[in-house]
Amino acid sequence: MRGGGLAKGLAITLRTMTRRAHTAQYPDVRPDLPPRSRGVIALFEENCTVCMLCARECPDWCIYIDSHKETVPAREEGARARQRNVLDRFAIDFALCMYCGICIEVCPFDALFWTPEFEYAEYDVRELTHEKGRLREWMWTVPPPPPLDANAEPSKEAAAARKALEIEA
Amino acid sequence: MGRIVIELLLRVAGALVAFLTLPLLVGQLEHKAMAHMQGRLGPMYAGGFHGWAQLVADGVKFVQKEEIVPAAADKTVFRLAPAAGLLPYLLVFLLLPLGPGLVGQALDMGLFVVLAIVGVGVVGMLMASWSSANKYSLLGGLRGAAQLLGYELPFVLSAASVAMAAGTLSLPGIVEAWRPWWLLWQAPAAVVFFVSGLAEIRRPPFDMPIADSELVFGYLTEYTGLRFALFLLAEYAGIVVVSALTTVLFLGGWKGPFADHQLGWLWTLVKVFAVSFVVIWVRVAYPRLREDQLQRVCWLVLVPVALAQLVLTAVVKVVL
Amino acid sequence: MTVTDVLICALGALALGSALLVVSTRHVVRAGLWLVVTLGALAGCYLVLTAELVAWVQMLIYVGAVVVLLLFAVMLTRAPIGASDGLDRSRWPAVLVGGGSAVALGALLVEAFRWSSIRPPAPGTAERIGAAVFRDWVLPFEVLSVLLLAALVGAIVLSAPRRS
Ligand code: SF4
Ligand code: SF4
């Protein structure tokens, strides 16, 4: 019918008015962001081996890593003293970072994680380079990954472990 | 003599208070209703409880802002324009009856006066648009003038229909004469009056003169600070005026389900706010009319309907 | 002097002054705006003389429609902000015609009424005017409306797209 659209428009707006608003009242009510939200990148420092893969793959070259080698004295008689990398500086310049996530994908040691934390604005662009202390702190805000779907394949790690167990048995 | 003067002053003061509060209430209603219709919350902070003081805060902000008058503008006209746009509505407030005997100034031909005064409001807009020395302003003003000249006709014609039905031009007289079945009899006129009233006050979907997506802000483009706030106030006062006129002419003014004499003012206010709500609702629901559609609606829909309503009114009036 | 006298004198002076500004200002649009003031003051005069309907018709038709149309047309064509120099106003003929007709009309009024005082008629309410128009003057009124109708039809015919 002609003009039906006019009534429909009114009806839709009125119905929306009676429903709850979608507004998130952000500073009062914290948003509930899903895991892996691209808020900021956290560094699990203990896992990092200073392999430099992330810094190299970063398209923006905005990851800064300094390290030195340390000699770990031999633990038992006759063994060789080993060398190991010690991380001195790990910083990400979030003014340059474009949140592509390549560094996280590429890290072979699960040292980088997405966290939904997003309140790290600064008044000066130079202060957006965050050092490893801050990056490590953010690790506490990384939410646990969501559980797998009911009939999903088990994760690769779990599958490998199960296989190893089966072979042993 | 003294008593008359005091009473007159009281009435004028009452109208002034209404003029300063009702538009703000409608503005707040617009903020909130529009927000919820769009799934938002609207202002929430000013004043603490659901942002009730938002418009007061806006007013304070506007007062603090710098008054900028463009260098190329016709400065006197530019400065006077907001007053010229606001004053007519202020005068109309004096004439609108709130309840039985509750009116700023009951005039024998109140309806006619109100229509004349509302028609003058366009001069303020023309002044603003021309004196801004801005092509968008000028375009907005020209659109506005064309729109107002066109919509004045159905506006007056549909009001004439009620005046004919009531046999009087006095606004309280029309309310006195009003009967509930007029809702049906005068329904086309009511719709025409409401729609052309929307166009008169340049509310969406008839906001072609402002059209912020193509004309920046039409004739308001160059205005800042207090003068801009005055124009905004004029817009909300316009909503109240059009709603109140619709109420008085077509919805029976102070006539309610009971206690007309004690609670008349309440019925009037309830109806005025209900109609204002529809004004806001229409703004949210419909997109802006294009210039040609705007003129088409006026000349091909509203004017014929208003004329047909006049004939209908005359026929019923003669038969009864 | 009563309040009425003062009011009508003030409004008359306002009307006259703004009318002079209409013809003397060199700002085209401002002339139109002064015209609004003139017509408004004139409406005020009518009001003081209790000719309410005429006053408000003056507002509705002249200020609300005619002047707006005029301003609209001026803005649409050329309306520079500030004074325009090239206005070709033929001063002397205008003074002659305007002043002459003013003097003639004034003389006519003075001649007709001298110092006799006239009692003002009853207020020009809608009812009285309606009665006058539709009882005493119905024939001229209808003739006028036919004239207006003819003009309207003429306008439509003239502006209608021509079929070839
Ligand atoms: S998210 Fe992308 S841009 Fe940002 S640090 Fe990692 S690799 Fe570089
Ligand atoms: S890729 Fe991972 S382990 Fe390697 S340096 Fe980067 S964060 Fe450390």
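Here is how the numbers come out for the structure above:
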| quantity | calculated |
| --- | --- |
| So B:Ala163, is it assigned to a helix (DSSP H, G or I), facing chain C (nearest Cβ under 10 Å) and open to solvent by 10 Å² or more (accessible area, probe 1.4 Å) | yes |
| Flag for B:Gly264 being part of a loop (DSSP other than H, G, I, E, B) and under 30 Å from B:Gln28 (Cβ atoms) | no |
| Criterion: hydroxyl-bearing (Ser, Thr, Tyr), in a helix (DSSP H, G or I) and farther than 27 Å from B:Leu111 by Cα - qualifying residue of C:Ser101, C:Ser145 | C:Ser101 |
| Some residue of region A:40-51 being charged (D, E, K, R) and farther than 17 Å from A:Met139 by Cα | no |
| Among (1) modelled with pLDDT under 90; (2) within 16 Å of ligand 2 (Cβ to nearest atom); (3) closer than 30 Å to B:Tyr45 by Cα, the one test that A:Arg84 misses | (3) |
| Of all residues in region A:49-69 being near ligand 1 (Cβ under 10 Å from one of its atoms), assigned to a loop (DSSP other than H, G, I, E, B) and not hydrophobic (A, V, I, L, M, F, W, C), the one that is farthest from A:Leu96 (Cα to Cα) | A:Pro59 |
| Filter result for C:Leu60 (surrounded by fewer than 20 Cβ atoms within 10 Å (Cβ to Cβ) and either at the interface with chain B (Cβ under 10 Å from one of its Cβ atoms) or out of contact with any helix residue (DSSP H, G or I) (no Cβ under 6 Å at 6 or more places or on another chain) (or both)) | no |
| Residues of region A:101-115 satisfying the condition of being without any contact (Cβ under 8 Å) to a residue 60 or more places away in the chain and within 8 Å of ligand 1 (Cβ to nearest atom) | A:Ile102, A:Val106 |
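Each row is one residue, and each column tells you yes or no for (1) in contact with a strand residue (DSSP E or B) (Cβ under 8 Å, 6 or more places away or on another chain); (2) open to solvent by 80 Å² or more (accessible area, probe 1.4 Å); (3) free of Cβ contacts under 8 Å to residues at least 12 places away in the same chain; (4) away from ligand 2 (no atom under 16 Å from the Cβ).
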| residue | (1), (2), (3), (4) |
| --- | --- |
| A:Gly4 | no, no, yes, yes |
| A:Ala11 | no, no, yes, yes |
| A:Leu43 | yes, no, no, no |
| A:Cys48 | yes, no, no, no |
| A:Met52 | yes, no, no, no |
| A:Cys62 | yes, no, no, no |
| A:Arg80 | no, yes, yes, yes |
| A:Arg89 | yes, no, no, no |
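Residue-wise test of (1) within 14 Å of another protein chain (Cβ to nearest Cβ); (2) surrounded by fewer than 20 Cβ atoms within 10 Å (Cβ to Cβ); (3) over 18 Å from C:Pro121 (Cα atoms); (4) at pLDDT 90 or above.
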{"residue": "C:Met1", "(1), (2), (3), (4)": "no, yes, yes, no"}
{"residue": "C:Cys9", "(1), (2), (3), (4)": "no, yes, yes, no"}
{"residue": "C:Leu16", "(1), (2), (3), (4)": "no, yes, yes, no"}
{"residue": "C:Arg26", "(1), (2), (3), (4)": "yes, yes, yes, no"}
{"residue": "C:Leu33", "(1), (2), (3), (4)": "yes, no, yes, no"}
{"residue": "C:Gly40", "(1), (2), (3), (4)": "yes, no, yes, no"}
{"residue": "C:Glu52", "(1), (2), (3), (4)": "yes, no, no, no"}
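The values are calculated or read from the model by the stated rules, or taken from the named source; none is laboratory data. Values in this document were obtained by computation on a predicted structure and should not be read as measured data. All Cβ positions, glycine included, derive from the backbone under ideal geometry; neighbour counts span all protein chains shown. Please note that ligands, DNA and RNA were not included when accessible areas were found on the heavy atoms of the full protein model with its side chains. Shrake-Rupley method; radii C 1.70, N 1.55, O 1.52, S 1.80 Å.
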